[in-house]
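Shown next, in structure tokens, is the structure this report addresses.
The values are calculated or read from the model by the stated rules, or taken from the named source; none is laboratory data. What you see is a predicted model; the values in this text were computed from it and never measured. Glycine gets a Cβ as well: all are built from the backbone with ideal geometry, and neighbour counts include every protein chain shown. Just the protein is used for accessible areas: all its heavy atoms, side chains included, with ligands, DNA and RNA removed. Shrake-Rupley method; radii C 1.70, N 1.55, O 1.52, S 1.80 Å.
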Amino acid sequence: MSDASASPLLARKGTATGAATRAARALGDRMMFVVLIAVGLVAPHLAYPTFLMKVLCFALFASAFNLLLGFVGLLSFGHAAFFAAGAYVCGYLCREFGVTPELGILAGTVFAGVLGVGFGLLAIRRSGIYFAMITLALAQLVYFVELELPFTGGEDGLQGIPRGRLLGVLDLSGNLAMYYFVFAIFLGGFWLIYRTIHSPFGQILKAIRENETRAISLGYAVERYKLLAFVLSAALAGLAGATKSIVFQLASLSDAHWHMSGEVVLMTLLGGLGTVLGPSVGALTIVGMENLLADKVGPWVTVIMGGIFVVCVLVFRRGIVGELRALILNRKDEA
């Protein structure tokens, strides 16, 4: 067979293989969502709902952070500022003005997004350690503002936030109703992140992560794309913080501390940087270990978390989900 006749056959074979791969990936993604929904619906009947709600809030927070670090390549040490800002705005509106929880959460999300615009305009022109340090400095500024403002409660935080009634109808004072509300918010945020990653916009973000210079040479307004990703990540972090403030009826100053920014980095790296499910797995692991060890080792929990971080970086560089995915792909190649 001549090269001229073989080329179309090879092209058709490559196209068919690519289509089959995309179909398999789409089926896998649909199955992921089905399993996620099924597990989420059953989970409060098998485990403590308050613990699960905390996991979901931090899973959304870590997923929002992963959108920025895992798919754009920007390491922010200031995401706690957005998490706490959403919590304080939501809590203040619900407590002082009697706003329903969904409107309070929406307001906290919008405020975090606006704050993200301010942060982004200042930080996005830098990269690497310079970007990280600018975000950390801005987050510390937010921390001290929230500490000193008269209506934030200072070191005691904003307490007594009512759970209220969803849409003015559904009472959220019960843990089961509150759990399903939080689960719905998590699914919405998770789906938005998933769609963003797999959209043309998400592909451009990945291109910027891999080779920013080449993306610029192709005509993309790189700074604009990075700013949009930063604002979206900030808004989703605010959504997680606002939801957490309703769940625990408290907006705590610790939510704005730089330790919180470090903790979300740990969750993301432990679960799997640049993976869809990795941050959620990391959040479940970290929150579960904190819940399990808090009454056994006390303040040594922080030391243990630091040790886990070191081991993860040295041994499991792709994280839990990343290593599992690599193992599955290797077995498929061998078969």
For helix 200-210, what angle does its Cα long axis make with the longest principal axis of the chain, in degrees from 0 to 90 and rounded to 10?
-> 80 degrees
What residue among GLY160, GLY306, GLY174 has the largest mean-square fluctuation in a Gaussian network model of the chain, using Cα springs under 10 Å?
-> GLY174
Cα pair distances exceeding 15 angstrom across the range 249-291, given as percent | 47 percent
The range 42-169, accessible area per residue, ligands and nucleic acids excluded (1.4 Å, Å²) | 43 Å²
Rounded percent of accessible protein surface that carbon and sulfur make up, the range 109-203, 1.4 Å probe = 69 percent
Identify which of the listed values of Rg and Dmax of the Cα atoms in Å was calculated from the structure shown: (1) 22.2, 71; (2) 23.6, 101; (3) 21.4, 82.
-> (3)
Under a 10 Å cutoff between Cα atoms, tell me which one of LEU218, LEU60, LEU227 has the largest fluctuation in the Gaussian network model of the chain.
-> LEU218
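In terms of the Cα gyration tensor, with a ≥ b ≥ c the square roots of its eigenvalues, is the range 60-188 rounded because a/c is under 1.5, prolate because a/b exceeds b/c, or oblate?
Since a/c reaches 1.5 but b/c is at least a/b, the shape of the range 60-188 is classed as oblate.
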Among the aspartates and glutamates, which have Cα under 20 Å from the Cα of LYS206 when same-chain residues fewer than 8 positions away are ignored?
-> ASP29, GLU223
Using a Gaussian network for the chain with springs between C-alpha atoms less than 10 Å apart, which of these wobbles most: SER127, SER63, SER217?
-> SER217
So, with a 1.4 angstrom probe, what is the percent of accessible area on the range 218-335 that is carbon and sulfur?
-> 66 percent
Based on the mean of other Cβ atoms within 10 Å per residue, sort peptides 314-324, 141-151 so the most packed one is first.
-> 314-324, 141-151
To the nearest 20 debye, what charge dipole does the range 29-256 have about its Cα centre, counting +1 at the Cβ of each Lys and Arg and -1 at the Cβ of each Asp and Glu?
-> 640 debye
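Over the Cα atoms of the range 158-270, Rg to Rh with Kirkwood Rh, two decimal places?
1.08
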Helix 128-148 versus the longest principal axis of the chain: what is the Cα-based angle in degrees, 0 to 90, to the nearest 10?
-> 20 degrees
Counting alpha carbon pairs within less than 8 Å and at least 6 residues apart, what relative contact order, in whole percent, applies to the chain?
-> 29 percent
Going 7 Å from the Cα of VAL311 toward and past its Cβ, which residues in the range 236-279 have a backbone nitrogen under 20 Å from where you end up?
-> 263-273, 278-279
Quick one: what does P(r) look like for the range 203-335 with 5 Å bins over all Cα pairs, in whole %?
-> 2, 9, 12, 17, 18, 16, 12, 8, 4, 2, 1, 0
